[in-house]
Each structure stands twice: as structure tokens, then as C-alpha cells.
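Inspection log for the structure reproduced underneath, given as C-alpha cells.
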Amino acid sequence: MAEAYFLGIDIGTQGARVVLIDAAGNMAGSREAPFALSDRSRIEQSPEEWWATCLHSLKIVMEEVKTRIDLRHIKAVAVTSTSGTVIPLDDRNEPLHDAIMYSDQRSAEDAVLCKEAAHRYHPGGYSGFNASSGLSKMVWFVRVFPGKAARLSKWIHAADYITGKLSGRWGITDYTNALKSGYDVTDKYWPAYIYEQLPLKKEWLPEVAPSGMPVGTLLPSLAVELGLSDEVQVVAGMTDGCASQIAAGAVSLGDWNTTIGTTMVIKGVTGSALKDPEDRLYSHRHPEGFWMPGGASNTGADWIAREFNEDLSSLNERARQLIPTGHMAWPLCQLGERFPFIAPQARGFAPSGLSVTERFAANMEGVAYLERYAYELIRQLSGEEIKAVYTAGGGSNSDTWLTIRSNVLNLPIYKMKHVTGAVGAAILAASQTYFTSVSEAGRAMTQIEKEVYPEAELAGRYAINYKKFVKTLQEKRYIREENYA
């Protein structure tokens, strides 16, 4: 095939990132730029500033790479951004109000109304609405700003806004962004309760397309400004969590990804949607019709910066000599857990009298035990086997932790090379414009940096310790007597 490049754009909470990668996943160019943040940035942000920052970054990347590649070989672009961030547009496709951020909690009461309506009028559909959900924010906005609501033409999500600025195609979103706005991703329609039981209008709701589907081409004026062909395709975007999952390599049936950053997020690909009566997991729709279930824990790697200030490289090496420790520890840094079990009263724990190295090693093991518990829950709910775990996040930088996790899970772990939402968006851009599917694009464009495999003896010892960990959680009444051990 001819040389080809793909752009990925990630509009994050704190800034914009643009990457350019080739069809083999090699990085050709990248640029990160911060937004001018204020005390209100966790509540509302300016979409116009997003676009100005994004456009400036695109220009810089094009200027930097044009001496090394032929810009005519850039084929497509996709955008990812935060899930649950929404923007009301007027009939000229201009924002009526700043973007209402996913982290804005003002719609908590409206979320209760949305959840009750979903349970009553659309049982079996998505009902996990909270203050972070797009639907809750739409209802809140209409209630608080009736004057602006009278001029409202369309609701869109954060990624949709940049897609519109790139292509001139407005009022279209994707399955992953639409889920928490109430869209039925199983039967692919907007349930009637949204506009019959809630103070919203049917015409305000965007068209919904599979992520990666071409929805337009680059605006001719923008193409000239960037030095690109006006045949560059703009495709439907994706939420940042799902885009990061793609970048991490978990794109095909049976693939799973664990990202351990501040929190631990687990996402995968299954043949059917996971039905979790406790709402610990929810399922996005995969572009190929599969499902992308996932959940986010309150446990992660935040305990490292809080508790351990010494040289982490030396600490990891010393910890490697102690595993398996046999100590039962769980480094939960806040009150309450939400995944893989819901226990609002839960607190972290560790034995007293441990040395710094022992506590460090035991904490890593505790997170790995929780990860295994999550995958046991997923196996039970899905009835599908897990073949391997692709991993990303700061927690994947520790070789000792990778060894612990591989042996606790008794599965291979693959650490990926370029794992950002922007890279996931670039892979998505290639998925239907150069490749035949996101699975094919993911296999071609993701790169494994490191492979870790379980060792029979160590895995056997960890299997015993895992059962002790589960028993500890049961004794503390954080979990029931379930057969996940």
C-alpha cells in the first residue's frame, strides 16, 4: 500500500494533544498545548478556546513534518474527548453556553430524575446516570437557563464540536459519546422517554454513527490553511476512555486492557453486552458491533506519590526480592470503592509493622488482587474467557509490578508503546479509511513494548494468597460470599 498518515486529536480537561502516526503506528509528529485554566474549568470551558488551541497545534505539527513527509499522504483525522461533556448549539452551530464539563456536579438532582425515568420507561436500557452523564447536564441546563434553551438547536459532545469545526458537519456524534446521553446502543435509537418524560426535544438530539465512520472531509479553507488535501476524511470520534483502550491494543474479541494511573480502569471487547445488575460495569458499542464493557476503580497508583518519596527504581528492585510477600494490603486512598465491587464504607488496609519495602510490595500485590477480582467478575458476567491483558498507565512502568500482576492473573501481560487517547483517535481515523476495521487497524498500528508471562511456581503461590485477600474483603464485609476466588 502507498504511504499513509493519520491525525488523532484529544481534547482533554487541561489541554489539547495532536499526533500524526503512520499506518504501522510509528509516531511522525505530535504537539501538546495547555488551555488557560481557571477555577471554573472543572465546571465549564470554552469550546472556542479548544478549537483555537487545537488549530494552533495542528499548524505546528504540519510545519514540523512537512520537510520529512508529503502532506498529501495524510488521509484522515478523528477526535476524542471527555465522556459526558456537552455543548448546546444555536441554529448557526455556535455555542449558546460554554461546554458543561463531565466533572461538573451541579446536575446531581437531575441525574436522579434521569435514572428514575430510564428505569420506569426504558427498562433494560442504560440507566447508570449520575452528575457526570451528558443527559443529566442537558436536563439541568434547560431547567436553569430557559431563555437559552428557547434558542437551542442541537446538543453535541466535546469531540463532536471539533469534528464540526474540521468538517462543517454538525449534529452528529458516535455510539460511545451518545451512551451516557441516553442513546440505546443495542437497538440504535433515542428512547422516547428522553423527550417525552424529560424537558428535552427530539430535534435537539444528534444523529449517531459508529466510531470511525467517515462523516465528511476537511473544509476546503481549513485544508488550505494547514497545507493539506481537502480530501482528508473526518471520521466519527470516540470517548477518551475508549480511544485509550484502542491505543492499548485491546481492540479484538477477547482482548482486555488495564490502565493503572490515578485509578485502575479495565476495559475489553466481548461478543455481547455485559448485564450487571449492580451497575459496576457498563458497555459501550464497539464499531464492529461487538461490545466494549468497562469499569473504573477508586484504587490505582495514587498511593505511590502519597506514601513513597524515595527512589522508585531502587524500591522496585528491592520489592522484587520479596514477592510474594504473603501480606494482605489494599492501598485505597479514599473512602469507598465502586469497582469491581460497590462498598461506600470501604477503607484501605495493611498490616502494621511492615518495612517501607514490604509495604510497597504488598500494596502492588493488593492492586493486582483487586484486578484479578475484577476479571473474575467479568468472566462470570460475560461467560467469555480472557486470553491476555494489555496494559498502560504509570503503573505499567514498574517491571516488578508487571511481574506481580501477570502471576496474580496467571495471564500474559503486554505493555504497549504509544498509549494515549490521541493515538487511539489516529488509529480510529485509519480504521475505515485505510483498513477494513478497527480490529485490523489496531493490530497493524499498536506496538508492544514489553511482554510478561506468568511463572508456574509464582502463579501457584499467588493463587493461594489471592484467596486470602478475597477472604479478608469478606471478613470486612466489603464483598459478599461470591465465588470469584
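Worth a mention:
- For the stretch 191-232, the set of residues classified as under 21 Å from THR82 (Cα atoms) and open to solvent by less than 60 Å² (accessible area, probe 1.4 Å) consists of TRP204, LEU205, PRO206, VAL208, ALA209, PRO210, SER211, GLY212, PRO214, VAL215, listed by residue number.
- Count of the stretch 77-92 residues which are assigned to a loop (DSSP other than H, G, I, E, B) and either more than 13 Å from HIS157 (Cα to Cα) or touching a Pro at 6+ places or on another chain (Cβ under 7 Å) (or both): 3
- Candidates in the stretch 1-15 are the residues that are at pLDDT below 95 and either under 18 Å from PHE435 (Cα atoms) or among the hydrophobic types (A, V, I, L, M, F, W, C) (or both); of these, the one that is surrounded by the most Cβ atoms within 10 Å (Cβ to Cβ) is GLU3.
- Residue list for the stretch 334-383, restricted to those being under 20 Å from VAL265 (Cα atoms), exposed (fewer than 14 other Cβ atoms within 10 Å of the Cβ) and among the small types (Gly, Ala, Ser): GLY336
- Of the residues making up the stretch 305-344, those that are free of Cβ contacts under 8 Å to residues at least 24 places away in the same chain and part of a loop (DSSP other than H, G, I, E, B) are ASN309, ASP311, GLN321, LEU335, PRO344.
- Any strands (runs of 3 or more DSSP E) falling wholly within the stretch 1-76 and containing at least 3 residues that are within 19 Å of THR239 (Cα to Cα): 5-11, 15-22
- Residues that are buried (at least 24 other Cβ atoms within 10 Å of the Cβ) and modelled with pLDDT under 95 within the stretch 396-413 comprise just one, SER396.
- Pairs, first over 21 Å from THR80 (Cβ atoms) in the stretch 411-426, second part of a helix (DSSP H, G or I) and at pLDDT 95 or above, C-beta under 7 Å, six or more apart: PRO412/SER406; ILE413/LEU402; ILE413/ARG405; ILE413/SER406; LYS415/LEU402
- Top-ranked residue in the stretch 263-306 [being within 19 Å of TYR369 (Cβ to Cβ), among the hydroxyl-bearing types (Ser, Thr, Tyr) and under 15 Å from the mean Cα position of the chain (by Cα); ranked as least open to solvent (accessible area, probe 1.4 Å)]: SER297
- Among the residues of the stretch 23-70, those that are over 29 Å from MET138 (Cβ atoms) and crowded, with 18+ Cβ neighbours inside 10 Å comprise ALA23, GLY25, ALA28, GLY29, SER30, ARG31, SER57, LEU58, VAL61, MET62.
- Conditions (1) of a type in the set (D, E, K, R); (2) at pLDDT below 95; (3) in contact with a Lys or Arg (Cβ under 9 Å, 6 or more places away or on another chain); (4) surrounded by fewer than 16 Cβ atoms within 10 Å (Cβ to Cβ): number failed by ASP91: (2)
- Of the listed requirements (1) closer than 22 Å to ILE427 by Cβ; (2) modelled with pLDDT under 95, SER103 misses just one: (1).
- Qualifying residue in the stretch 443-464 (condition: buried (at least 22 other Cβ atoms within 10 Å of the Cβ), in contact with a strand residue (DSSP E or B) (Cβ under 9 Å, 6 or more places away or on another chain) and in a helix (DSSP H, G or I)): yes
- Residue in the stretch 307-327 that is modelled with the highest pLDDT, counting only those that are open to solvent by 30 Å² or more (accessible area, probe 1.4 Å) and hydrophobic (A, V, I, L, M, F, W, C): LEU322
- Residue within the stretch 434-442 that is in a helix (DSSP H, G or I), within 23 Å of MET264 (Cα to Cα) and open to solvent by 10 Å² or more (accessible area, probe 1.4 Å) present: no
- Elements of type helices (runs of 4 or more DSSP H) contained in the stretch 102-206, each with 2 or more residues being of a type in the set (Lys, Arg), closer than 30 Å to PRO277 by Cβ and over 19 Å from the mean Cα position of the chain (by Cα): 108-121
The values are calculated or read from the model by the stated rules, or taken from the named source; none is laboratory data. The model shown is predicted, which means the values in this text are computed figures rather than measured ones. Positions of Cβ are generated from backbone atoms using ideal geometry, with glycine treated the same way; all protein chains shown enter the neighbour counts. Side chains are part of the model used for accessible areas, which takes the heavy atoms of the whole protein and leaves out ligands, DNA and RNA. Shrake-Rupley method; radii C 1.70, N 1.55, O 1.52, S 1.80 Å.
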